[in-house]
1. Give me the inter-chain shielding for B:87-100: mean count of other chain Cβ atoms within 10 Å, whole number please.
2. In a Gaussian network model over chain B where Cα atoms closer than 10 Å are linked, find which of B:40, B:71, B:22 has the largest mean-square fluctuation.
3. Excluding residue A:63 itself, calculate the net charge of residues whose Cβ lies under 9 Å from the Cβ of residue A:63, where each Lys or Arg counts +1 and each Asp or Glu counts -1.
4. Indicate the gyration tensor shape class of region A:52-111 (rounded, prolate or oblate), computed on the Cα atoms with a ≥ b ≥ c the square roots of the eigenvalues: a/c under 1.5 is rounded; otherwise a/b larger than b/c is prolate and the rest oblate.
5. Shape of region B:54-101 from its Cα gyration tensor (a ≥ b ≥ c, root eigenvalues): rounded if a/c is under 1.5, otherwise prolate when a/b > b/c, or oblate?
6. If contacts are Cα pairs under 8 angstrom and at least 6 residues apart, what is the relative contact order of chain A in percent?
7. Summarise the partner chain shielding of B:103-110 as one whole number: the mean count of Cβ atoms from other chains within 10 Å of each residue's Cβ.
8. On each of the three principal axes of the Cα atoms of chain B, give max minus min coordinate, whole Å, ordered largest first.
Amino acid sequence: GENVEQHPSTLSVQEGDSAVIKCTYSDSASNYFPWYKQELGKGPQLIIDIRSNVGEKKDQRIAVTLNKTAKHFSLHITETQPEDSAVYFCGPYNQGGKLIFGQGTELSVKP
Amino acid sequence: DTAVSQTPKYLVTQMGNDKSIKCEQNLGHDTMYWYKQDSKKFLKIMFSYNNKELIINETVPNRFSPKSPDKAHLNLHINSLELGDSAVYFCASSEILGNQPQHFGDGTRLSIL
């Protein structure tokens with residue numbers, strides 16, 4: 001079945017620094033790659049996504065890059081702020097149309 | 001104006017009991033899902049329904065029975081609750097099935113005593 005690996009599992013940065021989280025997947029048929037942010041006591045919320053016909057997408061301080069050949073995609077957060085502290089999940093879809101979540105990355109931004 | 005709402009937010013009950021969690025979405029989406037998040041934050045799909053029809057059933061024990069009375073509602077009934085059922089259950093919806101953003105509710109924390 002689909003194998004999704006997300007690294008690192010925890011990440012601590014100083015406010016203003018950048019953070020990068022990487023997701024590796026195994027299903028070569030995957031063509032939709034979202035990132036979700038989960039705050040404490042809340043459900044996951046989509047923050048950015050990319051489709052396989054695009055290599056990079058940016059939305060203000062957040063960007064996602066995709067390398068289909070190597071089967072990985074990454075979340076980049078620049079100028080981090082304390083409110084960026086949360087758990088982040090990648091969630092590529094497999095060929096069967098199912099969202100397969102990565103293991104999550106707990107990001108902590110220290111003021 | 002909550003998009004995906006689930007009730008209750010917390011559910012504490014004894015082993016062996018039967019309980020239900022309700023979910024409603026007001027986004028006009030065709031597809032709804034149930035996910036389970038364990039104590040290590042791992043999120044796994046349980047079921048998905050498209051226009052009231054079961055599409056995905058992820059080898060969940062048959063003590064779990066989803067029911068979709070209409071495409072805006074997907075309820076989850078659990079029989080004979082076990083300790084291992086303790087988790088946070090999330091409902092979600094998407095416009096159509098597959099390769100679409102999903103909108104999640106805020107979860108139901110189920111604790112089995």
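1. Values: counts 0, 2, 0, 4, 1, 3, 0, 1, 0, 1, 2, 8, 12, 7.
Mean partner-chain Cβ count within 10 Å for B:87-100: 3.
2. Sorting by GNM fluctuation, first place goes to B:40.
3. Working: positive: A:57, A:58, A:61; negative: A:56, A:59.
So the environment of residue A:63 carries a net charge of +1.
4. Values: a/c = 2.78, a/b = 1.54, b/c = 1.81.
Verdict is oblate for region A:52-111.
5. On the way: a/c = 2.09, a/b = 1.78, b/c = 1.17.
Prolate is the answer for region B:54-101, as a/c is 1.5 or above and a/b outweighs b/c.
6. Values: 278 pairs, mean separation 40.8, N = 111.
Across chain A, relative contact order equals 37 percent.
7. On the way: counts 4, 7, 2, 4, 5, 0, 1, 0.
Counting Cβ atoms of other protein chains within 10 Å of each residue's Cβ and averaging gives 3.
8. 37, 28, 27
The values are calculated or read from the model by the stated rules, or taken from the named source; none is laboratory data. Just so you know, these numbers come straight off a predicted model, no measurement behind them. Don't worry about glycine lacking a Cβ; one is built from the backbone with ideal geometry, like all the others, and counts go over all protein chains shown. Calculation scope for accessible area: heavy atoms of the full protein, side chains included, ligands and nucleic acids excluded. Shrake-Rupley method; radii C 1.70, N 1.55, O 1.52, S 1.80 Å.
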